[in-house]
Each structure stands twice: as structure tokens, then as C-alpha cells.
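The values are calculated or read from the model by the stated rules, or taken from the named source; none is laboratory data. Quantities reported herein were computed from a predicted structural model and do not represent experimental measurements. So basically every Cβ, Gly included, is an ideal-geometry build from the backbone, and we count neighbours across all protein chains shown. Surface accessibility is based on the protein's heavy atoms, side chains included, excluding ligands, DNA and RNA. Shrake-Rupley method; radii C 1.70, N 1.55, O 1.52, S 1.80 Å.
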Amino acid sequence: MSLRDASVPLIRGARLLHFSCRPATVQRMNAFTARWILPLDRPALPGGILVLDRGRTVALEPHGSRSATDLGDVALLPGLVNAHTHLDLCGMAGMAPPQRNFPAWLRQVIAHRRSRPVEAIEADIRHGIAQCVRWGTTLVGDISGDGASWPLLAESGLGGIVFREVLGLTPERAEAARETLRTWARTPPTGPLRAGLSPHAPYSVHRDLFAEAAVYPLPVCTHLAESPEEMELLAHRQGSFVEFLQGVGVWHPEGLSDSPASILAALKPSPTRLVLLAHGNYLDLQTPHLDAATVVYCPRTHAAFGHPPHPFRAMRARGVRVVLGTDSLASNPDLDVLAEVRFLHERHPDIPVIQLLQMATNAEALGFPRDAGGWIAVPIPSGCSDPYAAVLESTGMRVRIGAENPARPK
């Protein structure tokens, strides 16, 4: 049975329906075979067998080792992980094309958020979740302006982290942000969904808030070293960000951090303290504590803003964990993480595709066990000899096969 026909139930025995915002999970022991199984941490298995017990991966076996449901011309691989997005900005698709003047672009984002009705934002989030499901994302790192994505993600069955965004550069706004941190930090996990904190960025958050976010035992994500304007602001307290902050009434130079290094020192990333740095386009590779953090590279957004080449290769060579995200529809045409892999492969064909796919499926980057996102089936041509290339070329809908039930963070 082929996965290419999305108008009928796609897989028997796995409760897997055609397009749905709630990916199904396997309810009993099941064995599946496909043209290829790509575990990404070991060699590919042609005609291999994936064994699931109530959604948990219990075995990967060679062809013919047992009877199994044949899924046809698909490759099975771990679910995609979108480690950085903003689901509540999905209503900005095509409205604010990225430009080299980053503060000017931010003005459009702020105007959108201030004018968007609550009901429209909910619809935007649902649209983003539907895209994630369609394109095989099973775990997300969502930056949420007010936490609105939490119940909708919980309803969808997707897992990951909802990072509650806080802003507050002036003392008054910083105090309000502290209360938000305290409140959100008490949010209990819901199945495969957990709470995180997001002091937004160095230009929008008082320097003390980074250290205060680190007090709570929650993952933290912040935008860091994203633009040259941000770097100029921190280094010299000047540039176009000064006019931008004055224009929105929050200019307070005494609250600014001194550098990305001081922010990393405040956040204290470690093997037991998850700190994600969104973008990191201009990070100095010698920055202390960088190798203990995770950098989320958003390739197509990075290119759309016209930044110089991202240092992700040098970061990886230094042992920094680099994973992929899409950012939002305000800066990207879609939320397809595999499209980010395809984009990178076109520009860095010397990097083995398996390594790029590992960057796109790293559940541990969000603090989850490796197989927490389950598996996805990607349609590929019959008889293909290079399954990795076939996965990159596939544009068909990707279907979730199974997930831990529940998928709990480490």
C-alpha cells in the first residue's frame, strides 16, 4: 500500500489516518517493514523491520526476521524536530519580507502582534501545527508570546517545549517579566509537552533577567547574536537599535547586557541545564560556555536576511551541538524542517546527508530521549539505491508511525 495516496487511510494496524492534526500512536506490539529504515545512528536497513510496543521502539531488525506490515515505497526515519519556531506568527506569512535592516523588520512584527485578535492568533497557531504534522515534525521548540500554543499543541499530540517569551528592558517591564517567569515556571508537563522560558533577546530583556531565568529548572531559549545591529548595540550602545528602542519607548542602556559571553555566563548551560541559542549568526567561536549550549540554526531564514555564511560547520567542529529550526512564517515560506536540510545540502554538498538529517531529528536537543518523537514514513521512489538522497528529494506528505506514549523528557 503506497503512502502517496493521501485520500485514503495510509497505514493499516497503526491507527494512522490521512491528514490529521493529531498523529496517531501505536497501541500494541507492531512490526513494520519498508523499502528502507534509516535510524541515522547506524547503517541503513534495506527492507528492515521496525518493532514497536505501544509506540516504543523495541527493535530494529534485518529483512525477513519476522512477519511485518509492509508499508511499501517509503523510508522510515526518526521524527523531525523543529527546534525553533514561532507558531503565533503564522499569520504573517508573506506580510513582512526579511530585509537587511533588522530593527525595521521587527517593527512590522510588533505591529502585527499588537493588532492581531486573539481568535486570529489561535487560528494562526493551528495552521502552523497543521504544517508541522504534514511535514513530519513530531517535536517542536515553540517561542510563545503568551503561552497560547500550549493547549493547542497538547491537543494536537505533538511534543516538545513551549518557551514562554518574556520582554522587559526597563526596570518596570523587567519586574512584570519576573512575574511571568515565576508563573510559567510552575506549569506542569502535559504528556509529551513541557514548559520552557525564553528571555527574548539582548536588546529586549534586562541583563538581570537572564540570570533570573537560570534560577528555574526549566529549559531556556534566547535569540542571540542574530544581527549586526544587535552586536553593535551591545558593544557600543549605538546603532539603529537605539532609535528602534526609543521609538517603542523602552530605551534603557543601563539594562543592556555587555556581550553574548555575559549572557551565556548568566544562563549557565551545562549537560544538565538545557540552553538553546536561536540563530547565533555572529557568535564568536571562542565564547565561553558555547560548547555547553545548543545552537539552533535556521538556514532559510538566515539566508533571507542576507547574513554572511553561518558558522555552523566551525561550531560542529568545536563540539557545539547545532540543530535545525525554521523560525516563523514571518521569515520562512513554510515550517518544513526537511526543506531546511535540502537547502543546506544544496549549499554544502560535501557534508554527508546523514549528518544533516541528524541535525534535523535531534530530540535530545529539546531534552527528550532520542526516540521520543517516534518515526515518520517518507515516500520514496521504488527501487532507489540511495535512500538518503531519495528522502531529500521527496516532497510528499510524511506520516508519523509511532511515538513514545507518553514521550517524557529526560
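Ordered from largest to smallest accessible area (heavy atoms of protein chains, 1.4 Å probe), the residues Arg318, Arg126 come out as Arg318, Arg126. Quick one: net charge of His236's neighbours, Cβ under 12 Å, K/R +1, D/E -1? Summing Lys and Arg as +1 and Asp and Glu as -1 gives -3. Helix-only arithmetic for the chain: the sum of -39500 (n - 2.57) across DSSP H runs with n ≥ 4, divided by the residue total, places the mean residue ellipticity at 222 nm at -8500 deg cm²/dmol. Rolling a 1.4 Å probe over the protein chains gives Tyr297 an accessible area of about 10 Å².
Amide H contacts of Ala377 (H built 1.01 Å from N, in plane; Pro and chain starts excluded): Val399, Arg400, Ile401 sit under 5 Å, all sequence-distant by 5 or more or on other chains. Per-residue accessible area (protein heavy atoms, 1.4 Å probe) orders Thr190, Thr180, Thr272, Thr326 as Thr272, Thr190, Thr180, Thr326, starting from the largest. Spatial offset of segment 126-172 relative to segment 353-401 amounts to 22 Å, using the alpha carbon center of each. Roughly what angle does helix 102-115 make with the longest principal axis of the chain, taking Cα atoms, 0 to 90 degrees, to the nearest 10? In the chain, helix 102-115 runs at an angle near 80 degrees to the longest axis.
Estimated at 0.36 nm per residue, the fully extended path between Val58 and Thr190 surpasses their Cα-Cα distance by 45.1 nm.
Annotation: extensible slack from Gln99 through Glu346 equals 86.6 nm (criterion: 0.36 nm per residue apart, minus Cα-Cα distance).
A Cβ-based charge dipole, computed about the Cα centre of the chain with Lys and Arg at +1 and Asp and Glu at -1, lands at about 1000 debye. Heavy-atom accessible surface of segment 137-189, averaged per residue, reaches 35 Å², computed with a 1.4 Å probe. Labels on offer are [x] 67, 46, 44; [y] 87, 49, 43; [z] 67, 42, 39, and the one holding Cα extents along the principal axes in Å computed from this structure is [z].
Please check: in the Gaussian network model of the chain (C-alpha springs, under 10 Å), which one of Asp371, Asp53, Asp386 has the largest mean-square fluctuation. Residue with maximal mean-square fluctuation among Asp371, Asp53, Asp386: Asp386. Accessible surface of Val58, taken over heavy atoms with a 1.4 Å probe and every protein chain present, rounds to 80 Å². Each residue, Gln246 and Glu175, gets one label point 7 Å from its Cα in the Cβ direction; the gap between the two is 2.6 nm. Relative contact order of the chain, taken over Cα pairs closer than 8 Å and 6 or more residues apart, is 21 percent. Please find, in a Gaussian network model of the chain (springs between Cα atoms separated by less than 10 Å), the residue of Ala265, Ala339, Ala317 whose mean-square fluctuation is greatest. Result for the chain, Cα springs under 10 Å: Ala317 fluctuates most. Angle of helix 171-184 to the longest C-alpha principal axis of the chain, folded into 0 to 90 degrees and rounded to 10: 30°.
GNM remark for the chain: springs join alpha carbons under 10 Å apart, and the peak mean-square fluctuation among Leu233, Leu158, Leu366 falls on Leu233.
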